[in-house]
1. Only strands (runs of 3 or more DSSP E) wholly contained in the range 230-310 count here; list those with 1 or more residues that are at pLDDT 95 or above, out of contact with any strand residue (DSSP E or B) (no Cβ under 8 Å at 6 or more places or on another chain) and surrounded by fewer than 21 Cβ atoms within 10 Å (Cβ to Cβ).
2. What's the number of the condition Gly181 fails, among (1) crowded, with 19+ Cβ neighbours inside 10 Å; (2) over 21 Å from the mean Cα position of the chain (by Cα)?
3. Would you mind stating whether Ala116 is free of Cβ contacts under 8 Å to residues at least 40 places away in the same chain, exposed (fewer than 14 other Cβ atoms within 10 Å of the Cβ) and among the small types (Gly, Ala, Ser)?
4. Look at the range 59-94 and say how many of its residues are in contact with an Asp or Glu (Cβ under 7 Å, 6 or more places away or on another chain) and of a type in the set (D, E, K, R).
5. Go through the range 198-223 and give me each residue that's of a type in the set (Gly, Ala, Ser), under 11 Å from Gly245 (Cα atoms) and assigned to a helix (DSSP H, G or I).
6. Evaluate the following for Val132: is it within 22 Å of the chain's Cα centre (by Cα), among the β-branched types (Val, Ile, Thr) and at pLDDT 95 or above?
7. Given (1) without any contact (Cβ under 8 Å) to a residue 40 or more places away in the chain; (2) more than 19 Å from the chain's Cα centre (by Cα), identify the lone condition not met by Ser52.
8. Return the total of residues in the range 121-154 being touching a Lys or Arg at 6+ places or on another chain (Cβ under 9 Å), in a loop (DSSP other than H, G, I, E, B), under 18 Å from Val33 (Cβ atoms) and of a type in the set (A, V, I, L, M, F, W, C).
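The values are calculated or read from the model by the stated rules, or taken from the named source; none is laboratory data. Since this is a predicted model, take the numbers as computed values, not measurements. Cβ coordinates were reconstructed from backbone atoms using ideal geometry, including for glycine residues, and neighbour counts include every protein chain displayed.
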Amino acid sequence: MTVRHLLVAAALVGSLASAQPPANRPAGVSFGVIADVQYADKNTAGARHYRSSLDRLKACVADLNQRDLKFVIQLGDFIDTGKDSFDAVLPIWKKLKAPRRNVLGNHDLPFARKRALDKLGLKRGYYDFTLVEGWRFVVLDGMDVSLHGYPKGHPKRKQALQMLVALKRRKVNYAQRWNGGVGEKQLAWLERTLADSVERRQRVVVCCHFPILAKASSDSHLLWNHEAVLKVIEQHPSVVAWFNGHDHAGGYSEHNGIHHVTFSGMVEAPKRNAYSVVTAFDDRLELRGVGKQPSRTLRLRAVPDDGRKHKTPLR
């Protein structure tokens with residue numbers, strides 16, 4: 001072998017070695033994200049192709065089943081209207097090989113709240129899980145305080161009416177009946193959960209149907225009390241991303257170290273579909289969009305030092 005051949009071989013070995021992840025940086029783990037399937041057996045209205053969402057969901061599930069995923073989460077508005085709509089989408093959803101996680105959206109409440117939660121396999125609308133090592137996923141219920149799913153006279157419905165009236169007096173664009181808010185009990189739970197994640201040195205992705213940052217969506221879609229929720233998550237350095245649906249056009253913005261991603265609505269992607277595969281690395285989240293959903297690389301801040309203690313203990 002000539003000197004030239006030796007140099008070429010050495011360069012090739014070096015390039016292959018550099019392509020491998022370092023021993024202390026394992027390959028990423030992936031999960032799927034979909035938003036606003038919004039199926040209903042009714043005709044297209046504007047950009048919303050309700051009936052054909054079923055076919056797009058089937059194609060999405062078939063594709064995701066070919067991938068190695070830790071879980072798949074849908075960010076709410078699985079259906080649009082109709083008490084029988086869940087009976088059409090859930091059998092398709094259950095064909096996923098990966099574990100499924102659900103978020104409650106405003107269109108998911110065509111009947112009593114408890115029945116909707118039962119359909120989605122939820123005991124309550126907010127919870128957390130840790131299917132990926134070093135990561136915690138926190139699901140919030142943006143319909144906790146709302147005009148949907150509660151009977152007349154229910155305290156949460158009364159509170160929702162009061163909030164909506166107050167917002168309308170302020171003449172804000174998100175003073176809409178289709179939005180909702182996070183109640184005080186849930187907000188306290190969120191703060192305790194995030195404080196615990198800091199102590200455990202976990203990175204956190206918060207998932208909710210509603211956006212909380214106007215730059216990441218249209219302001220008419222914002223959670224009613226988005227300022228309060230934003231304040232809580234920004235007090236905890238463990239939080240690196242907020243994932244939501246609701247605004248079908250999608251959107252993105254980074255604010256104070258947190259990536260806010262509004263995922264495109266499947267109901268408004270009749271020709272190209274819309275969903276994502278997200279891969280978590282120790283320094284970034286890689287969002288690989290399918291169809292209408294854009295791809296993004298989200299660079300992450302350092303994991304909080306385990307010596308940091310938050311003033312609110314986990315209860």
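1. Working: elements: 239-244, 251-255, 258-262, 274-280, 284-291, 296-299.
So the answer is 251-255.
2. It fails just one condition, (2).
3. Against the criterion (free of Cβ contacts under 8 Å to residues at least 40 places away in the same chain, exposed (fewer than 14 other Cβ atoms within 10 Å of the Cβ) and among the small types (Gly, Ala, Ser)), Ala116 does not qualify.
4. 1
5. Of all residues in the range 198-223, those of a type in the set (Gly, Ala, Ser) come to 214, 216-218, 220.
Imposing the further condition that a residue be under 11 Å from Gly245 (Cα atoms) reduces the set to 216-217.
Of everything in the range 198-223, just one residue is of a type in the set (Gly, Ala, Ser), under 11 Å from Gly245 (Cα atoms) and assigned to a helix (DSSP H, G or I), namely Ala216.
6. On the way: within 22 Å of the chain's Cα centre (by Cα): yes; among the β-branched types (Val, Ile, Thr): yes; at pLDDT 95 or above: no.
So Val132 does not fit the description; no.
7. Just one mismatch for Ser52, condition (1).
8. Of the residues in that region, 2 qualify.
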